[in-house]
1. Restricting to the stretch A:9-58, name every residue that is polar (S, T, N, Q) and at pLDDT 95 or above.
2. Which residue pairs have Cβ atoms closer than 6 Å, lie 6 or more positions apart in sequence or on different chains, and pair a first residue in the stretch B:122-138 that is more than 7 Å from chain A (Cβ to nearest Cβ) with a second residue that is surrounded by fewer than 22 Cβ atoms within 10 Å (Cβ to Cβ) and part of a helix (DSSP H, G or I)?
3. Can you run down the residue pairs with Cβ atoms below 9 Å, 6 or more apart or on separate chains, where the first is in the stretch B:44-58 and more than 15 Å from B:Pro168 (Cα to Cα) and among the charged types (D, E, K, R) and the partner is modelled with pLDDT of 95 or more and buried (at least 17 other Cβ atoms within 10 Å of the Cβ)?
4. B:Ala195: touching a helix residue (DSSP H, G or I) at 6+ places or on another chain (Cβ under 9 Å) and farther than 13 Å from B:Leu11 by Cα, yes or no?
5. Considering only the stretch B:1-19, state which residues are over 26 Å from B:Ser180 (Cβ atoms) and either aromatic (Phe, Trp, Tyr) or surrounded by fewer than 24 Cβ atoms within 10 Å (Cβ to Cβ) (or both).
6. Within 14 Å of chain B (Cβ to nearest Cβ), within 30 Å of B:Ala126 (Cβ to Cβ) and either surrounded by 15 or more Cβ atoms within 10 Å (Cβ to Cβ) or modelled with pLDDT of 95 or more (or both) - does that describe any residue in the stretch A:148-161?
Number of protein chains: 2
Amino acid sequence: MKSIVLLSGGLDSAVMLYMCLREGWKPLCLSFRYGQRHGRELECARRLAALNSLEHLVMDLPEIFQSALTGVGNIPPSFDRSIVVPLRNYLFLTFAAAVCEQRDISDIFIGVTAEDEDFPDCRWEALDKLEEALRLGGFNLSNLKIHTPLIGMTKVEIVKVGLELGVPFHLTWSCYAGGSRPCGGCLACQKRMNAFKALKVEDPIERGGETSLL
Amino acid sequence: MKSIVLLSGGLDSAVMLYMCLREGWKPLCLSFRYGQRHGRELECARRLAALNSLEHLVMDLPEIFQSALTGVGNIPPSFDRSIVVPLRNYLFLTFAAAVCEQRDISDIFIGVTAEDEDFPDCRWEALDKLEEALRLGGFNLSNLKIHTPLIGMTKVEIVKVGLELGVPFHLTWSCYAGGSRPCGGCLACQKRMNAFKALKVEDPIERGGETSLL
């Protein structure tokens, strides 16, 4: 069964990819360049797709969005609106649906989690409504389904599933900054570190190693 | 009142722009490069915005969409699915809404007409549902309104209003092909020619002239 997986190269979408593979999906991986501070995440996405012999599309979006994630201002230590790229998920999902329309695909997977609910476009009410809208927007889209398998899961639960599925965590990147190792201070680093710590497992990304090649 | 007008440089959105100006809106004009066969439309959009001293943003979208409008295959003489760029309006509106989120704007104008209903993402049910979805997707978007002032209007009615408002039709481009004059054969040319003919008015674009500079 063909599907589209929105693959950022972060930890969440990587685990979701492996969940899809276990369920027998044949994912087309879709990533976006939208002015991120660095290319490490995308390089991880590329490697994850290649490792699993999956098609990988990378789309360039206009870099109009001012956000701490796209290099404007400092990266804050906790959630604030400066890290929000407006309607990012809506744009990703609408592009994904356009690919669905062209390739007769009906299933899109997006890795929003229980911890993303500060972002309006990560909430299920919003994604549900967008799914309704997308179904009306094409000739082939009436059965379109936006899957959110991680939406009830915390970071700890996601890492746990990832460990069970053998996700190559050294090929995932979470840190908002673009150093050769994770900064350890940003919100994404903190959440990731806490999750591995809670499970008493070492995060391979901490060692550097392969990621220093990215 | 600040608003966003999706300005393609075609006849419909040009008339809509002048309707907005008459109503006292201060529009930010937004156009997209998405692999169109030619730049004439965008050049018209640029001139229309400049003529009215309006800010004009042009965004580049990834050119992934195979369609007769983006140079794949021949341009058909009547509607068929080869001229559909999937979810084009949804993408335009979602980018527009992202700009609204950043600039505290609540009103977007899109020039879909009564004659566009073959395109699923031009129908009011679809646009209505997308509006609902977009309102949920941001921090500032709960009052977002997608205005479709042309949705009940035929091409003849639109040209009539445009003539009353003094729209510079020589700065609008409709033909799907990219010649120095309109081809006369494509669907867009036919509709435009028939509208001017019905009103017994000469379309300045037929004379070439200024458009030959585009």
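1. The initial filter retains those residues of the stretch A:9-58 that are polar (S, T, N, Q), namely A:13, A:31, A:36, A:52-53.
A:Ser13, A:Ser31, A:Asn52, A:Ser53, listed by residue number.
2. Every condition considered, the pairs that remain are B:Cys122/B:Asp116.
3. Matching pairs, first to second residue: B:Glu55/B:Pro27; B:Glu55/B:Leu28; B:Glu55/B:Cys29; B:Glu55/B:Ala49.
4. Numbers: touching a helix residue (DSSP H, G or I) at 6+ places or on another chain (Cβ under 9 Å): yes; farther than 13 Å from B:Leu11 by Cα: no.
So B:Ala195 does not fit the description; no.
5. B:Met1, B:Lys2, B:Ser3, B:Met19
6. So in the stretch A:148-161, the residues within 14 Å of chain B (Cβ to nearest Cβ) come out as none.
Checking the stretch A:148-161: not a single residue is within 14 Å of chain B (Cβ to nearest Cβ), within 30 Å of B:Ala126 (Cβ to Cβ) and either surrounded by 15 or more Cβ atoms within 10 Å (Cβ to Cβ) or modelled with pLDDT of 95 or more (or both).
The values are calculated or read from the model by the stated rules, or taken from the named source; none is laboratory data. Keep in mind it's a predicted model, so treat the numbers as computed, not measured. For neighbour counting, all protein chains shown are included, and Cβ atoms are generated from backbone atoms with ideal geometry for every residue, glycine included.
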